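Structure record follows, encoded as structure tokens.
The values are calculated or read from the model by the stated rules, or taken from the named source; none is laboratory data. Every value quoted in this text rests on a predicted model; they were computed, and no experiment measured them. For neighbour counting, all protein chains shown are included, and Cβ atoms are generated from backbone atoms with ideal geometry for every residue, glycine included.
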Amino acid sequence: MSLLGSAGALGVVGCGARSKSESRPADSGQAGLELPTSAEQSLVQADQAERPARSLSVNGERLLVVIELQGGNDGLAMLTPLDQGRLLSSRPDLVAEPGELVDAGSGFGWNPNLATLAASGISAAVGVGSNDPGFSHFEMEQRWWRGESGEQSRLGTGFFGRLCDQLDKGAPVTGLALAGGATPALSSDKAVTVGLSDPGSSWFFREENPWLDAHRATLTAMSDAAATDDDRFAAARQGLDNTMRFAASLGEFDPDGDDRYPWTDLGQQLRLASQVIQVEAGVRVLHVQLGGFDTHTGQRWRHDDLMSELGEAVTVFVEDLTEQGRRDDTLIVTTSEFGRRVEQNDGGTDHGGASTMMVCAPGATGVHGHAPNLGQLDDGNIVATARFEDYYATIAEDWFGVSADLVLPSGSTPISGLI
């Protein structure tokens, strides 16, 4: 069936301790970029305001779509300060003209290739990273997947997997990866999370002939938990039963799909995400990927192309969700293992520190968090003003109403106003 399990019911290692540690986020009092006074005053200082009451949607089934930007997205090229003095002196060949940028508020502008998406509503979390950053793709991907920004971790599950554990209501699948296989970010303790490697295999449940009828009946019988009293086979039968129930729902997919979606990797992953949402199989968290962000060379055109792919695919997805009546129920967020250095090299940038995350949600606007100071770098790297645990805590608490203490054992402080 080409379904790759990565879930508690399929034998994932248990998570470590859930208690909050004494670790703190980066200094939240660090000065922002050199913005005009009015911009400084408007730069998301809602931390002092009372946090809104947490609530779920009317049907209680809010959804999350995570777009992992693999390779280290340059947050300064995605969301650029309009006051470009220091930026121009550090990367003169990589900065878009202020007139090309899409006003994001607070003295920032979105990449012009995100213009259409910005018109539908996006916001930004700035300065997101680690107090102790690493510059290895593998190392930082592992940290983001686990949801722990420090170097040392004993966690055996992923942040989004632990979130699925809290959201689990017994659905065949609670978390689904659509980038061709399972992701450690969805490794869970008890909820069923899987990686869908070949959505085209749904033909198995659509076509009718005697051989397929018999094969389906055999698999269904094997998954019958009442077929044996032997506990040794209970987990295996339950896993097969979950797989069969979910795979059967894939048989409802339209094999031709929605031709509005661009024929790009991200476009087709989001097309599948839309179909999963439509069949109402109980999935709450969907994970997709867009690669190519390791822009050591040719960054200006490469990053612009990637922003175009991101903007076009998410714009169609948002339109689709609106038509389904699921726009208000669906949160779309980005992650990336790290940002890029401020100073350019030969046509690109090297691995860096903190970066900017994009959030697409109902009513999402503005720039949130504390802007890093480009005049106070750490060996050329942007210093984090929020750990990514804080970003994750915002998703858990303000979107799903799940206490961050249950899913982030290293502690966190949600970013006010982002969601």
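Please work out if I332 is in contact with a strand residue (DSSP E or B) (Cβ under 7 Å, 6 or more places away or on another chain), on the phi < 0 side of the Ramachandran plot, surrounded by fewer than 23 Cβ atoms within 10 Å (Cβ to Cβ) and of a type outside the set (S, T, N, Q). When the stated conditions are applied, I332 does not pass them. Please go through segment 334-352 and pick out each residue that is β-branched (V, I, T) and not in a loop (DSSP other than H, G, I, E, B). If the condition is that a residue be β-branched (V, I, T) and not in a loop (DSSP other than H, G, I, E, B), then T334, T335 are the ones that fit. The residues of segment 173-196 that are touching a strand residue (DSSP E or B) at 6+ places or on another chain (Cβ under 9 Å) and of a type outside the set (A, V, I, L, M, F, W, C), listed by number, are T174, G175, G180, G181, T183, S187, S188, T193, G195.
Here is a yes/no grid of residues against (1) aliphatic (A, V, I, L, M); (2) more than 28 Å from E312 (Cα to Cα); (3) modelled with pLDDT under 70:
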residue	(1), (2), (3)
A179	yes, no, no
K190	no, yes, no
W203	no, yes, yes
R216	no, yes, yes
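Scanning segment 283-297 for residues that are in a loop (DSSP other than H, G, I, E, B) and within 18 Å of A182 (Cβ to Cβ) yields a count of 3. Determine whether segment 337-347 contains at least one residue that is farther than 30 Å from G150 by Cβ, in contact (Cβ under 8 Å) with a residue 12 or more places away in the chain and not charged (D, E, K, R). Yes, segment 337-347 has at least one match. Where helices (runs of 4 or more DSSP H) sit wholly within segment 83-174, those with at least 1 residues that are touching a Phe, Trp or Tyr at 6+ places or on another chain (Cβ under 7 Å) occupy 115-120, 137-146, 159-167. Restricted to segment 126-178, and to residues there that are aliphatic (A, V, I, L, M) and over 30 Å from A247 (Cβ atoms), the residue that is surrounded by the fewest Cβ atoms within 10 Å (Cβ to Cβ) is M140.
Could you go through segment 353-366 and let me know if any residue there is within 24 Å of Q142 (Cβ to Cβ) and either without any contact (Cβ under 8 Å) to a residue 60 or more places away in the chain or outside any strand (DSSP E or B) (or both). So far as segment 353-366 goes, yes, one or more of its residues are within 24 Å of Q142 (Cβ to Cβ) and either without any contact (Cβ under 8 Å) to a residue 60 or more places away in the chain or outside any strand (DSSP E or B) (or both). Of the residues making up segment 269-306, those that are hydrophobic (A, V, I, L, M, F, W, C), surrounded by fewer than 19 Cβ atoms within 10 Å (Cβ to Cβ) and either within 24 Å of A96 (Cβ to Cβ) or without any contact (Cβ under 8 Å) to a residue 12 or more places away in the chain (or both) number 1.
Of the residues E397, E323, only one is charged (D, E, K, R), free of Cβ contacts under 8 Å to residues at least 40 places away in the same chain and not in a loop (DSSP other than H, G, I, E, B); which? One residue alone meets the criteria, E323.
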